[in-house]
Every structure is written in C-alpha cells, then in structure tokens.
1. Classify the stretch 1-117 from the C-alpha gyration tensor, please: rounded if a/c falls under 1.5, else prolate or oblate depending on whether a/b exceeds b/c.
2. Please give the per residue accessible area of the chain, computed with a probe of 1.4 Å over protein heavy atoms only, in Å².
3. Could you check how much of the accessible area of the chain is carbon and sulfur, as a whole percent, using a 1.4 Å probe?
4. Please list, ordered by chain and number, the residues whose modelled amide H lies under 5 Å from the amide H of Ala171; skip anything fewer than 5 residues away on the same chain.
5. From the alpha carbon gyration tensor of the stretch 164-320, can you work out the equivalent ellipsoid semi-axes (sqrt of 5 times each eigenvalue) and give them in Å, largest to smallest?
6. Return the whole-Å distance between the Cα centroid of the stretch 44-120 and the Cα centroid of the stretch 248-321.
7. Provide the per-residue ³J(HN,Hα) series for the stretch 358-370, in order, calculated from phi with Karplus coefficients 6.51, -1.76, 1.60 and θ = phi - 60°, each as a whole number of Hz, with x at glycine and proline positions.
8. If you fit an axis through the alpha-carbon atoms of helix 309-320 and take the longest principal axis of the Cα set of the chain, what angle between them do you get, 0 to 90°, nearest 10?
Amino acid sequence: MSHVLVVGAGIVGLAVAARLAARGDEVTVIDKEDGLARHQTGRNSGVIHSGLYYPPGSLKATMAAAGARSMAEYARAKGVAVDICGKLVVATDEAELPGLQKLADRAVANGVPARRVTPAEAREHEPHVRAIAALRVETTGTVDYAGICRALADDVEAAGGRILLGEEIVAARTVPGSPGAPGRVEVRTTRADREADALVVCGGLHADRIARACGLDPEARIVPFRGEYFELTPEAGDLVRGLIYPVPDPRFPFLGVHLTRGVEGHVHAGPNAVLALAREGYTWTDVSPRDLADSLAWPGLWRLAARNLVPGAAEVGRSLSKQAFARSLARLVPGITAADLVPAPAGVRAQALRRDGGLVDDFLVQTTDRQVHVLNAPSPAATASLEIAAHIVERLDATLPA
Ligand SMILES: Cc1cc2nc3c(=O)[nH]c(=O)nc-3n(C[C@H](O)[C@H](O)[C@H](O)COP(=O)(O)OP(=O)(O)OC[C@H]3O[C@@H](n4cnc5c(N)ncnc54)[C@H](O)[C@@H]3O)c2cc1C
C-alpha cells in the first residue's frame with residue numbers, strides 16, 4: 001500500500017483517487033477551491049461522447065468509446081442522472097457533405113455505432129432540425145458530471161481516503177530512495193508541508209505551471225479557450241429533443257456550437273471558443289495580466305492565431321453578438337432566434353498548445369520518478385475519466401520501485 005497525494009478534485013483527479021482508494025492505497029486529494037468540480041468539470045456540456053471524432057488508435061478514440069460505456073454504467077450504479085438519448089450530426093449545405101462522410105467513416109474505424117440518415121429520418125428524431133443529410137449516433141448521451149464527482153468523492157472517503165479543499169499545491173520534489181530509506185515526494189501547499197510515496201497532478205487549467213513547480217519541463221503550455229453558452233427559454237426548448245451538432249469545421253479544432261438537452265431538462269446552446277484573458281476567465285472582464293502575458297509570450301499562440309484568423313474572428317464576433325450566435329444555431333434549427341436565448345455560465349477549456357502552434361490533440365500524461373502529471377485532458381476527458389484513471393494508475397505504478 002502506498003500513500004498517494006492527488007492534486008485536483010475535478011473528474012479526472014477524483015476518478016484516479018477513487019481507483020487508488022478502491023485497491024487499498026492511502027489517498028489524499030487536495031484542491032485549491034472550496035468545492036468539487038469548480039472548473040472544467042462543473043462547467044461543461046454534460047455530454048457523454050461516443051468516440052466519433054478522434055483519430056483511430058488515439059487515446060481519445062479508445063478511451064471515449066470505452067468511457068461512454070463505463071460512465072453510463074457508473075452513473076446508473078450510483079443513481080446519478082444519465083440519459084443515453086443519441087445525437088444527430090447535421091449537414092446543412094453541400095459543402096459539409098464530405099465532412100459528414102468523413103465522420104461516418106471514422107465512426108466505423110472507431111467502432112462507434114452511427115448511421116447516415118435522410119433528412120426525413122433526421123426529422124423523426126428532431127422535428128425542427130434543418131438537414132440535407134445527417135448522421136445518427138446512438139451511444140451519445142448526457143450525464144450530471146457534478147453528481148459523478150460527488151459519487152467518486154464518496155467512494156474515496158468510504159475507502160478511507162481524505163479530500164481536503166481550499167488547499168493549493170505550491171511545489172513538490174521527489175527525494176530518491178537510499179539503502180534503508182524509501183524514496184518519497186515532498187509537497188509544499190498553501191496549508192502544510194506534506195509527504196507522500198507518490199504524487200498525481202490533475203490540475204486542469206494550471207497543469208503546466210504545477211508541472212514546472214514540481215521539476216518537470218512540459219513541452220506544451222496550457223492556453224485557455226472560453227466556451228460561452230446560452231440556454232433556450234422554456235418556450236423555445238421544445239424545438240430540441242436531444243443533441244444536435246453541426247459538421248465540425250475542419251479548419252478549427254473545436255466542434256462548433258451545438259444544442260444539448262441536459263439531464264436537468266434545459267437546452268444548452270454552445271459553446272463557442274474564444275481566447276480567455278485569464279486561465280479562469282469566465283467573462284471578457286476576467287483579466288489576469290500574468291495569464292495573458294504567459295499566453296501572449298508563447299510562440300505557439302501566435303502561430304495558431306495566424307492559421308485560424310478567419311474562424312477565430314468569427315468566434316469573437318459570435319461572442320460579442322447574440323444575433324450572430326443565434327444565426328449559427330438557426331443553421332441547425334431555423335426556428336431559433338436571439339429572443340430565445342438566455343445567457344448561461346461559461347466554461348474555460350484547458351488546451352495544451354505546442355511551441356509550433358500545434359494543439360496537443362490527444363490526452364497527454366508525463367511522468368517522472370514517483371510523479372504523474374496530466375498535461376492535456378480536454379474533451380472528451382469527462383466522458384473518458386474512468387478510463388483515463390486506469391491509464392494513470394498504470395503509469396503511476398511504472399514510476400514506483402517494484
Ligand atoms: C466548455 C466546455 C465544454 C466541455 N464539454 C464536455 C462534454 O460535453 N463532455 C466531455 O466529456 N468533456 C467536455 N469537456 C471537457 C471536460 O470538462 C474536461 O476534459 C474535464 O472536466 C477535465 O477534468 P479535470 O479534472 O482534468 O480538470 P478540472 O475539472 O478543470 O479540474 C482541475 C482541478 O484542479 C484544481 N487545481 C488547479 N490548480 C491547483 C493547484 N495549484 N492546487 C490544487 N488544486 C488545483 C482546480 O481547482 C480544479 O478543481 C468540456 C470542457 C469545457 C471547458
């Protein structure tokens with residue numbers, strides 16, 4: 001049995017902690033916030049992704065498909081709200097047809113049950129949708145990720161683990177073992193100096209900074225991309241039954257604004273993707289000079305911006321104009337107008353970006369002696385969190401002496 005300190009009470013950290021606690025390790029979780037799931041995990045679309053979009057063989061593809069199953073099973077076992085309602089990806093003009101076919105091919109390669117449907121069949125699922133062709137995916141659904149985190153935290157505590165909130169990691173270092181003295185990790189936090197046999201960091205928006213403070217040299221930086229949402233008014237909510245997505249723009253790394261009926265019954269519209277001016281920048285007025293300077297000093301951001309000028313400008317336009325946001329949604333469901341949209345809380349994606357401007361596409365985990373750092377866990381990491389946890393525990397074991 002080892003004592004493992006886990007940083008981060010988002011879904012990835014809690015899933016790791018629950019897995020370690022279940023096999024008998026002594027686990028302490030710390031999080032700087034005073035509640036669970038305060039950042040990405042508590043501010044996302046609540047979708048259980050099917051594994052449709054990701055390159056075959058990638059961690060995202062394999063872990064999303066397996067994660068869709070394990071997450072739904074875990075939710076049902078714990079009594080957390082979940083609804084595997086399926087989704088439609090709709091092409092609204094001829095230019096999107098090759099992209100839709102590419103997704104259909106990817107579904108086959110990734111073993112995701114999806115089929116091309118006619119516009120009439122699409123309207124049987126979603127009577128108000130506009131489509132010239134569509135893809136129906138049955139294994140997509142929605143879940144209450146905050147509820148999943150509470151269940152994972154209960155599992156940790158039931159197995160004897162501790163969850164300490166309001167405690168921020170400042171730095172850590174591995175002290176190698178010597179004859180008669182096993183190695184350990186010394187961790188400095190805002191509350192205490194702690195020691196553990198091993199450290200796992202699932203720090204989301206701060207993952208790269210924490211890694212550097214623990215002696216690693218990550219190859220990528222976290223750049224924060226805010227995703228803004230509206231909610232449909234209750235009257236307009238009837239325009240959407242389940243999940244309606246556009247064919248993603250291949251020039252742009254995110255999925256495009258979509259419509260999602262959450263497990264609580266509200267229809268969410270979004271998210272867009274704009275550069276956030278702080279790592280926890282949930283509105284345009286949240287500005288952190290340090291975070292902004294860090295983003296702007298990273299050459300990768302300028303290279304990414306140069307390559308994405310047109311879609312990037314369109315995203316900012318959509319952020320500043322509710323009419324523009326509504327027009328994007330009306331491409332999918334023509335009945336939606338700006339008057340149907342009520343602002344809803346935003347989320348910020350922790351996206352790792354390389355120096356050359358390439359987005360780190362897959363999940364990224366880096367290890368050093370007795371330490372594991374999750375350096376990129378963007379969507380669909382909530383879906384895949386139970387699978388990511390299994391992977392992290394394997395990687396952790398590989399850093400410990402036999
Ligand atoms: C807008 C948006 C929509 C998304 N939609 C979906 C979706 O529908 N489906 C899906 O599968 N995924 C989705 N995702 C992705 C998903 O939310 C994330 O991949 C997942 O939540 C990552 O979990 P995490 O635990 O790694 O990070 P987080 O939830 O961000 O947790 C990190 C934790 O670390 C803590 N922390 C940070 N620094 C420190 C420190 N120094 N000391 C102590 N604690 C610290 C933070 O307080 C936080 O609690 C979406 C993300 C966003 C932003």
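The values are calculated or read from the model by the stated rules, or taken from the named source; none is laboratory data. It should be emphasised that the depicted structure is a prediction, and the values quoted were computed from it without experimental measurement. So basically every Cβ, Gly included, is an ideal-geometry build from the backbone, and we count neighbours across all protein chains shown. For accessibility, only protein heavy atoms count, side chains too; no ligands or nucleic acids. Shrake-Rupley method; radii C 1.70, N 1.55, O 1.52, S 1.80 Å.
1. Values: a/c = 2.47, a/b = 2.19, b/c = 1.13.
Here the stretch 1-117 falls in the prolate category.
2. 41
3. On the way: 8890 of 16590 Å².
Ligands and nucleic acids excluded, carbon and sulfur reach 54 percent.
4. Excluding prolines and chain starts, which carry no amide H, the hits are Arg188.
5. Details: eigenvalues 302, 91, 43 Å².
Ellipsoid semi-axes (Å, largest first): 39, 21, 15.
6. 22
7. Each residue of the stretch 358-370 in turn: x, 6, 6, 7, 9, 4, 10, 10, 10, 10, 9, 3, 6 Hz.
8. Helix 309-320 and the main axis of the chain meet at about 80 degrees.
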